[in-house]
Each structure stands twice: as C-alpha cells, then as structure tokens.
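Some notes on the structure that comes next.
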Amino acid sequence: MTDTVHVTDVVLFPNLYIDGEWRPGSTGDRFPVVDPSDGSTIAEFAVASEVDCDAAVEAAAAAFPAWSATAPRVRSEILRRAWEILTDEVDVFTEIMVRENGKSWPDAKAEASYATEFFRWFAEEAVRIPGEYRLSPAGDKHIIVTHHPIGVALLITPWNFPAAMATRKLAPALAAGCTTILKPASETPLTAAYVVDVLERSGVPKGVVNLITPKPVGPAVSRMLAHPAVRKLSFTGSTEVGRDLLKSSADRVINTSMELGGNAPLIVLPGADLDIAVEGAFLAKMRNGGSACTSANRFYVHESVHDAFVERMTERLAAMSVGPGLDRRNQLGALVSVKERDKVADLVDTAVAEGARIVTGGAKGERGAFYAATLLIDVAHGSTINATEIFGPVTAVVRFAEVDEAVSKANDSEFGLVAYVFGEERQAIQVGQRLDVGMVAINRGVISDPAAPFGGTKQSGLGREGSTEGILEFLETQYLAVTV
Ligand code: NAD
C-alpha cells in the first residue's frame with residue numbers, strides 16, 4: 001500500500017478528507033490510481049464507505065451555520081489565498097494531472113491556470129452578491145430581495161478536467177457560503193486531494209470542504225442525496241449519469257446544476273480565412289487531447305474550402321509529437337485509460353465500416369493508452385461517429401454545400417453545449433445566433449473563461465458555471481415584503 005505520494009516537493013495523502021482531517025476509509029479498502037501512459041500504479045486511494053459518506057455530510061452540515069455567517073470579505077480572502085498558492089505551485093498542480101490523467105504537459109499546465117483562475121474570480125464575486133430594494137408598483141410595500149447560501153452542496157466531477165471542474169464548483173460554492181462534499185472521478189482523485197490540501201492551507205475551516213471517493217459510487221451518492229442536510233447537487237459528467245442523478249434528486253426536490261455531455265459542431269463557411277480556421281479547429285479539437293465536453297466533434301466544412309482545410313489540418317495533426325506528458329515536449333498525451341482509448345479506436349473502426357476514410361492517424365500506440373491524432377473524411381451526417389461524443393483526438397469531417405444545410409445539421413443533435421463557426425465575421429455571427437447551443441465561438445478555437453457563463457441547452461445540462469451566474473447556482477433568493 002502506498003501511504004503517501006511524492007510529486008516534486010509536495011507530499012499528498014491518498015486519503016479522504018472529512019471534518020478537517022485526512023483519514024483512510026472506515027473499511028480500510030483502497031483502489032489503485034493508474035498512470036495511463038505506462039499502466040503503473042501511482043497510489044492506492046482510500047475507498048469511502050457509507051459511514052464515511054455520512055460523516056462527510058454531517059461535518060458539512062455542522063460547519064454550515066458558521067461558514068454561511070462568515071463575512072464575505074473573509075471568505076473572499078481565503079479563496080484569494082488559494083489562488084496565490086496554486087499560482088506559486090503551478091508545476092506541482094500540472095504534474096499531478098499529467099501523472100494520473102495522462103494528458104500532455106501543455107494541456108495540464110493550461111488546465112492548472114484555468115482552474116486556479118476560478119479562485120481569483122470567485123474571490124472577487126464573494127463580495128459582490130447582489131440584492132434589491134424597491135417600491136412595489138402599488139406603492140403599498142417595499143420589496144427587499146436577498147440571496148442566501150443554499151446549504152450543504154454535493155459536488156461531483158469527471159476525470160477529463162480533474163482540476164478545473166472541481167474549482168469551478170468549489171470556488172463559487174465557498175464564495176456563496178455553502179459547505180461542500182467533493183466527489184471526484186475515481187480515475188483522478190489525487191488532483192482533487194491536492195486542491196483540498198491547498199484549500200486547507202488557505203485557511204478553510206474544518207468541515208467546510210470534505211473529500212470522499214466511494215465505490216461503488218451510485219448507491220453512495222443516492223444515500224447522500226436522501227440525507228435531509230444535502231440541499232444542492234452540482235454535477236459535471238455524462239448525460240447518462242446526469243439523467244439518473246436528476247431522477248434521484250427529484251425525490252427531495254434538490255436544487256441541481258448539470259454540466260453534461262456535448263457533441264460540438266464546428267462549421268467552416270465559404271469565405272473563411274483558412275489560417276484562422278485551421279488554427280482554431282486544431283485548438284477546438286486537440287485541446288486536452290480531444291477529451292473535452294467542448295471538443296469539436298462534428299466538422300461541417302463547405303465544399304469550396306473542404307480540400308484545402310483537410311490538407312492543412314492533416315499537416316497540423318500529423319506533426320504532433322505523441323507520448324508521455326512528463327516529457328514536456330509532447331503535445332498529445334495518453335487517454336485516461338486503455339478502456340477509453342479502445343472506445344475511441346472502436347468509433348474510428350465503425351466510421352470506416354460506415355464509409356469514412358482515414359487521411360491520417362487511426363492507430364493505437366504500442367504501449368500505454370495512446371491514440372494517434374486522426375482525421376477522417378467522407379463522414380456522413382448521422383453516422384455513428386457523428387452522433388457520438390468521441391472524447392479523443394479524432395477529427396471527423398462532413399462536407400456541405402449550403403449554409404442552411406450546415407445550420408440544420410449542426411442543430412440536429414440532442415446536445416447543445418457549444419459550437420464553433422469560422423467565416424466572414426458578420427455571416428459567422430448570424431450563423432452562430434441560429435445555433436441551439438449555450439456557447440458559440442466565432443473565429444476562435446477556445447471559448448472557456450472563468451468570467452463567462454459556461455453551460456449548454458437541451459441535454460447538455462441545466463444552469464451555468466463561472467461568470468456572475470456561477471455563484472447564483474449556490475444561492476437561494478428570499479423576498480421580504482415590508483409595509484411602507
Ligand atoms: P461520468 O458521468 O461517467 O462520471 C462523472 C462523475 O460521476 C464521476 O465522478 C463518476 O464517478 C460519477 N458517477 C458515475 N456514475 C455515477 C452514478 N451512478 N451516480 C453518481 N455519480 C456517478 O463522466 P466521465 O466519463 O467522468 O466524464 C466524461 C463526461 O463528462 C463527458 O460526457 C463530458 O462531455 C462530460 N463533461 C461535461 C462538462 C461540461 O461542463 N458540460 C465538462 C467536462 C466533462
């Protein structure tokens with residue numbers, strides 16, 4: 001059993017964090033955390049039992065009255081301190097993600113900065129929680145509107161952005177005055193443990209942040225959602241699991257925020273500047289090795305630019321250096337597991353069986369969970385790969401002739417998280433406004449920003465994270481009527 005994990009000069013405890021204390025689970029069971037670039041075990045992380053999950057909920061409930069009454073400025077300064085520590089320790093933060101998630105060093109470093117920024121942004125929002133005071137139209141009363149922290153919040157996060165998905169929830173929850181239980185993906189608990197360690201060092205009082213890793217996860221989460229103290233569920237993950245959690249939350253009408261799956265269209269219009277389109281498409285596809293809910297999944301390219309776009313995108317993809325993220329020169333790391341890598345390989349095989357052609361890539365690595373940067377052409381709209389969230393480094397191109405056709409195909413999905421449009425600016429904005437998605441990137445490949453509202457329409461989710469809206473997800477509105 002591994003008692004501690006050494007990353008550069010930081011020692012991590014692969015344990016639960018409950019009521020301000022790092023502890024093994026009550027059963028003593030552990031599960032392996034694996035480096036997907038070589039299959040080695042990095043740590044044995046504690047399994048949280050029902051007793052541990054109950055203890056985490058009780059600790060968060062006990063800490064709520066004092067934390068919710070803590071002055072916003074004090075909460076803000078704790079979050080600011082977390083931003084400072086993470087900024088100082090960016091290489092440690094990066095290395096932990098590289099090792100347990102497999103992503104490349106540049107991808108992990110970009111995530112570390114993005115994740116860190118949520119603490120700075122919400123440190124600033126903590127002292128700007130809005131309210132209202134006005135006279136009713138009839139003149140009979142004053143309408144006073146205030147916002148109060150909801151209570152104990154359960155935060156469930158995926159493996160693909162193990163840091164940013166945790167900080168995008170923890171920072172607004174703590175800024176709002178909620179207490180929290182973080183349940184990270186079992187593939188990436190060390191990043192979560194590190195973020196919690198930083199929050200402890202920043203001065204978060206005991207019980208305000210708790211970390212649990214139950215196995216199996218479904219019954220443990222259902223049990224916590226049934227606990228009367230839990231008032232909020234903020235979930236990021238697949239639409240499939242999100243749907244189940246919405247059903248379980250219905251029993252106690254728990255307030256939910258859902259950041260779910262995507263199947264992002266990327267449209268290259270006639271007249272697009274190909275330098276900008278190829279650079280943007282490359283980022284939209286390859287950021288995080290394609291394992292992003294925002295990853296461009298369906299490329300609709302106008303026939304007038306199709307061949308030139310494919311040629312230039314192929315050159316960019318084929319030139320990528322692929323290998324372990326600890327070698328900082330590599331641009332494409334491993335997928336999170338051999339299972340995820342095989343899912344991507346199967347999707348490519350199915351695409352070929354359905355008529356697509358491989359222009360570059362299409363091969364597994366010899367060792368580790370690697371898959372080559374791949375480009376497919378002659379992909380049919382509605383084919384399996386076009387209708388599935390690929391979550392890997394595969395560009396699947398569909399040719400189109402009419403702009404209206406591209407818009408209707410882009411909208412032909414149960415998902416509505418994000419879209420990318422490349423073209424002459426005015427036309428690109430007009431097309432973007434016709435897309436049924438929560439976010440549209442115009443002539444650029446990266447859209448996420450802590451200061452912007454992140455979230456989707458249709459089955460991509462409910463609610464928004466980041467921006468001024470992110471903190472409202474953790475606040476209840478109260479209206480007081482006061483006779484004039
Ligand atoms: P997942 O749904 O399998 O798991 C997400 C989290 O839910 C993990 O912590 C997992 O342990 C937990 N979980 C799994 N089964 C559960 C259950 N029955 N009850 C309660 N919790 C359960 O997703 P994943 O494979 O880790 O992540 C990939 C998915 O996340 C993709 O679909 C991606 O689009 C989505 N995602 C969305 C966003 C967004 O902001 N919209 C961001 C990142 C990832």
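Computed quantities for the displayed model
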read-out	value
Close pairs from the stretch 83-95: first farther than 12 Å from VAL195 by Cα, partner open to solvent by 40 Å² or more (accessible area, probe 1.4 Å) and not in a helix (DSSP H, G or I), Cβ under 7 Å, at least 6 apart	ASP91/THR8; GLU95/THR8
Of residues in the stretch 140-194 being charged (D, E, K, R) and surrounded by fewer than 24 Cβ atoms within 10 Å (Cβ to Cβ), the one farthest from THR239 (Cα to Cα)	ASP140
Residues of the stretch 279-296 that turn out to be open to solvent by less than 10 Å² (accessible area, probe 1.4 Å) and farther than 16 Å from SER448 by Cβ, as a count	1
Criterion: within 22 Å of the chain's Cα centre (by Cα) and assigned to a loop (DSSP other than H, G, I, E, B) - qualifying residue of ALA380, ALA334	ALA334
Matching strands (runs of 3 or more DSSP E) fully within the stretch 389-484 where at least 1 residues are polar (S, T, N, Q)	394-400, 475-483
Any hit, the stretch 224-247, residues being away from the ligand (no atom under 16 Å from the Cβ), open to solvent by less than 50 Å² (accessible area, probe 1.4 Å) and either in contact (Cβ under 8 Å) with a residue 60 or more places away in the chain or more than 23 Å from ASP107 (Cα to Cα) (or both)	yes
Number of the exception - MET320 against (1) more than 16 Å from the ligand (Cβ to nearest atom); (2) touching a Leu at 6+ places or on another chain (Cβ under 6 Å); (3) in a helix (DSSP H, G or I)	(3)
Qualifying residue in the stretch 316-326 (condition: open to solvent by 60 Å² or more (accessible area, probe 1.4 Å) and free of Cβ contacts under 8 Å to residues at least 24 places away in the same chain)	yes
Selection within the stretch 361-374 - buried (at least 20 other Cβ atoms within 10 Å of the Cβ) and part of a strand (DSSP E or B)	TYR371, THR374
Residue match in the stretch 249-271 (condition: within 9 Å of the ligand (Cβ to nearest atom) and over 30 Å from ALA419 (Cβ atoms))	no
Within the stretch 137-200, strands (runs of 3 or more DSSP E) holding 2 or more residues that are within 16 Å of the ligand (Cβ to nearest atom)	152-156, 179-183
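Residue-by-condition table, conditions (1) modelled with pLDDT of 95 or more; (2) touching a Ser or Thr at 6+ places or on another chain (Cβ under 7 Å); (3) open to solvent by less than 20 Å² (accessible area, probe 1.4 Å); (4) not polar (S, T, N, Q):
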residue	(1), (2), (3), (4)
ALA406	yes, no, yes, yes
SER413	yes, no, no, no
GLY416	yes, yes, yes, yes
GLY423	yes, no, yes, yes
ARG444	yes, no, no, yes
ARG464	yes, no, no, yes
GLU469	yes, no, no, yes
GLU476	yes, no, no, yes
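The values are calculated or read from the model by the stated rules, or taken from the named source; none is laboratory data. Treat the numbers as computed from the prediction; the structure is a model and nothing was measured. Quick reminder, even Gly has a Cβ in these numbers, built from the backbone with ideal geometry, and neighbours come from all protein chains shown. Heavy atoms of the whole protein, side chains included, go into the accessibility calculation; ligands, DNA and RNA do not. Shrake-Rupley method; radii C 1.70, N 1.55, O 1.52, S 1.80 Å.
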